[in-house]
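Structure, as structure tokens:
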Amino acid sequence: MKFGVFYNPMVPRAPGHQDWDPGQERRAITEMIEQIRFADSLGFDYAFLGEHHFMPEYAHNSATEVLLGALAQTTTTIRIGPGIVHASHNDPIRTAERIATIDQLSGGRVEFGFGPGTTQEIAPWLKDDLARKAERSNASAQVSIDILASTGVWPGVHDEFFDFPAGNVVPKSFQAPHPPLWTSTSMPGAAPGVAARGLGQLMLTLAGPQAVAAEIASYWETLRTGPVRPMGRGINPAVFTFTIGLLAPTDELADQRAREGVEFFGFGLTGGAMARIDDPEHHLWDAFEDFKAGRGDIRQDAGTPPMLLEMGARFADLPGTMMCGPQRAREFTRQIEATHADGLLLNQQFGSTRHEHLMESLEIWATEVIPEFREREAEHQAWRKQQLDGIDLPVVTSV
């Protein structure tokens, strides 16, 4: 099983403040890069960065490819990629150019994740076409993939979404035929649709290992029984899942360091970050504190589904969340390993969690948790080979 990190850098404002402290955003971004460089030095396999817009405090990563460019030059072996590019509103030629440039800079270490993005944050770009965001996203991603796979003149495209003439788009992808392809999912039951397009799945599963196992089983069943029509020049048969939390020397210390930040992350994820997305003066941390103090819940005012409200109320204690010491982390990871997940991504930057605690958590993962699973990598690869037997499609993967 592979291990990686995932970031949507959070930068909460101080209570009552309408702006960030001087240097606060820069510090959050540079600390994130330092943490990923440290993960690289510790032997982590992957680093994925999300893309979000108009979500102050919750996610300050609107220019993911710029950050990936910095990482391409400051890391050595870790594979890097967007998880995901908003294909629905980004120009597909520009997306391909940026991904190819990062692939060249990194010497072929790029993964290409794409998807439509959250409805509320992409609405300003799509306007009347918002109802067709998934169709537009797939069409856009297909253009980018075809460009990345082109070794000479790209023949152009003429469809209901795009009308581009032929062109020799440069630079070319360093990897041939193109970087491995991924998309992300946040709700159960999405695996068959991902597998049918030949994509790897970056799966947010907070319900724990049992839900992960069900999703992985349906993913591989779809690959084996089809129909599968790869968007790329082959399939990327892989499922990565996430855990949200922090490790520390003891369970109690991890909970003390991380609980408030995890609860803030959960508040944003379950509707808080989008409830006032059209209000430029919205203060997410103040809204979170109002919720905790019983002074109101902006998510209810925005019509957030009861299921999400209930999830947010117990977010820090969900089965897919970890705030613990190394022993409990090993136990959890063994359960994930038993699902046949190909990778576990760690999302541990939330709220105002301190940089030194995040660095210590990465080191605990690398020295006290991951080594056990490295020893069984050959067994997992043998299982993957067995699953792929009989699937007569090219494989384009780094797993």
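Go through segment 255-326 and name the trypsin sites (Lys or Arg not before Pro) that are in a DSSP coil and have 10 or fewer other Cβ atoms within 10 Å of their Cβ. Intermediate values should be presented prior to the final figure.
Numbers: sites: Arg257, Arg259, Arg276, Lys292, Arg295, Arg299, Arg314; in loops: Arg276, Arg295, Arg314.
In loop regions of segment 255-326 (DSSP not H, G, I, E or B), the sparsely surrounded trypsin sites (Lys or Arg not before Pro) are Arg295.
Semi-axes of the equivalent ellipsoid of segment 329-396 are 31, 15, 10 Å, computed as sqrt(5λ) over the eigenvalues of the C-alpha gyration tensor in descending order.
If you take the Cα atoms of segment 247-399, find Rg, then find the Kirkwood Rh from the mean of 1/r over all pairs, what is Rg/Rh? Provide the component values of the computation, followed by the final result.
On the way: Rg = 19.4 Å, Rh = 18.0 Å.
Checking Rg against Rh, the ratio lands at 1.07.
Partners of Lys133 within straight-line reach, counting aspartates and glutamates whose Cα lies under 17 Å from its Cα and excluding those fewer than 8 residues away in the same chain: Glu51, Asp91, Glu121, Asp159, Glu160. Counting only residues at least eight positions apart within a chain, or on another chain, the lysines with an alpha carbon under 22 Å from that of Lys385 are Lys2.
The string of couplings for segment 37-43 from the Karplus curve (6.51, -1.76, 1.60, θ = phi - 60°) is 4, 5, 4, 4, 5, 7, x Hz, one whole number per residue in order, with x for Gly and Pro. Backbone amide hydrogens, once placed in the peptide plane, bring Phe242 within less than 5 Å of Met203, Thr205, Leu345, excluding anything fewer than 5 places away on its chain.
Across all Cα pairs in segment 143-250, the calculated P(r) in 5 Å bins from zero up to the longest distance comes to 2, 11, 18, 15, 15, 13, 11, 7, 4, 2, 1, 0 percent per bin. For the chain, a Gaussian network of Cα nodes joined below 10 Å ranks Gly272, Gly193, Gly261 by mean-square fluctuation, and the top entry is Gly193.
Please find, in a Gaussian network model of the chain (springs between Cα atoms separated by less than 10 Å), the residue of Trp383, Trp154, Trp220 whose mean-square fluctuation is greatest. So, out of Trp383, Trp154, Trp220, the one fluctuating most is Trp383. The ellipsoid equivalent to the alpha-carbon distribution of segment 141-189 has semi-axes of 24, 17, 6 angstrom, derived from the gyration tensor eigenvalues as √(5λ) and listed largest first. Let a ≥ b ≥ c be the square roots of the eigenvalues of the Cα gyration tensor of segment 214-258; is it rounded (a/c under 1.5), or, if not, prolate (a/b larger than b/c) or oblate? Prolate is the answer for segment 214-258, as a/c is 1.5 or above and a/b outweighs b/c. Normalised size of segment 1-137, defined as Cα radius of gyration per 2.2 N^0.38 Å with N residues, equals 1.11.
Restricting the calculation to alpha carbons of segment 174-236 gives Rg and Dmax of 12.1, 38 angstrom.
Of all DSSP beta bridges located in segment 116-275, what percent are antiparallel, nearest 5? Write down the numbers at each step before the final one.
Working: 3 of 10 bridges.
Counting DSSP beta bridges with both partners in segment 116-275, the antiparallel share is about 30 percent.
Let me check I have the definition right: for segment 12-89, take the eigenvalues of the Cα gyration tensor, multiply each by 5, take square roots. What are those semi-axes in whole Å, largest first?
On the way: eigenvalues 120, 57, 17 Å².
For segment 12-89, the semi-axes come out at 24, 17, 9 Å.
Largest first, the residues Met322, Met274 sort by 1.4 Å accessible area into Met274, Met322. For segment 345-399 versus segment 208-285, the inter-centroid distance based on Cα atoms is 15 Å. At q = 0.26 Å⁻¹, what log₁₀ I(q)/I(0) does a Debye calculation on the Cα points of segment 222-304 give, no solvent, two decimals? For segment 222-304 at q = 0.26 Å⁻¹, log10 I(q)/I(0) is -1.25.
If you run the Gaussian network model on the chain, springs between alpha carbon atoms under 10 Å, then out of Glu379, Glu360, Glu160 the most flexible one is Glu160. Per-residue Karplus couplings for segment 316-323, computed as 6.51 cos²θ - 1.76 cosθ + 1.60 with θ equal to phi - 60°, are listed in order as 5, 10, 5, x, x, 10, 10, 9 Hz, Gly and Pro entered as x.
If you take the square roots of the eigenvalues of the alpha-carbon gyration tensor of segment 190-331 and sort them as a ≥ b ≥ c, do you get rounded (a/c under 1.5), prolate (a/b over b/c) or oblate? Don't skip to the answer; put the middle values down first.
Details: a/c = 2.71, a/b = 1.47, b/c = 1.84.
Oblate is the answer for segment 190-331, as a/c is 1.5 or above yet b/c matches or exceeds a/b.
For segment 101-154, the alpha carbon convex hull comes to 107 Å³ per residue, rounded to a whole number.
The values are calculated or read from the model by the stated rules, or taken from the named source; none is laboratory data. Only a predicted model underlies this, so the values are computations on that prediction, with no experimental measurement involved. For neighbour counting, all protein chains shown are included, and Cβ atoms are generated from backbone atoms with ideal geometry for every residue, glycine included. These area figures cover heavy atoms from the full protein model, side chains too; ligands, DNA and RNA do not enter into them. Shrake-Rupley method; radii C 1.70, N 1.55, O 1.52, S 1.80 Å.
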